[in-house]
Amino acid sequence: MAVNIDILVAQFQKKDKKAFETLYTMYSENICGVIFTIIKNKERSQELCQDVFVKIWEKSETYDPSKGRFFTWILNIARNTAIDELRSKSFKNNKQNLQTDSFVDILTYEKDLNHTIDTIGLKSLLDGLKAKCILLIDLLYFKGYTQKEAAQELGKPVGTIKTRIRACISEIRKNRNL
């Protein structure tokens, strides 16, 4: 049975629990994967994923379909949540205490993540982009770098990074509308 996402989202915005459960089933795996890509901690990614869904439930009325797709709205909330976590003092302290066995889990989960990213269509959006665009998108959107940090990492001025990311996003939008 095909699901009409617009109707489902409208029901969700009216606090329909069944609609929320359906949306959670549709998107939770992808959202957890995106969060994991940024913070590299499977357990914490799952916790933050739950937090994201609580946030979207509480702020459902703020979603505006005229500003973009529902999934993009959730993705932005997830990305911001993960970046906030990455920048938090407690995360930095915990990261210093990682055990060696954590890295085995990270490597295993990362292989699964490539499939997850592909299923949400991100890989197809990046196909055909220049390598510098892919690198910038990876740093800024998946690894949680600020524009200043990306500029330092790449040895480029911040203004150059801002210009390039705008051009890259324009290219993605242009390719998506073909």
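Taken together, the values in this text are just the output of simple stated rules run on the coordinates, not laboratory data. Remember, it's a predicted structure, so these values are computed and weren't measured experimentally. Backbone-built Cβ (ideal geometry, glycine too); neighbour counts: all protein chains shown.
Can you tell me the order of 25-33, 68-76 when each peptide is scored by its average per-residue count of other Cβ atoms within 10 angstrom, highest first?
In decreasing order of mean packing, 25-33, 68-76 become 25-33, 68-76.
Our Cα-only numbers for the stretch 17-85 put the radius of gyration and Dmax at 11.5, 34 Å. Computed from the C-beta positions of Lys132 and Lys59 and an R0 of 22 Å, the FRET efficiency is 0.05 to the nearest 0.05. Dipole magnitude for the stretch 13-52: about 100 debye, using +1 per Lys or Arg Cβ and -1 per Asp or Glu Cβ, origin at the Cα centre.
Please go through the residue pairs Lys42/Lys148; Lys42/Lys132; Lys40/Lys143; Lys15/Lys55; Lys18/Lys42 and name each one whose alpha carbons sit more than 21 Å apart in this structure. Violating the 21 Å Cα-Cα cut-off are Lys42/Lys148; Lys42/Lys132; Lys18/Lys42. Protection proxy ranking, highest mean first, for peptides 49-57, 34-42: 34-42, 49-57, where packing is the per-residue count of other beta-carbon atoms within 10 Å, averaged.
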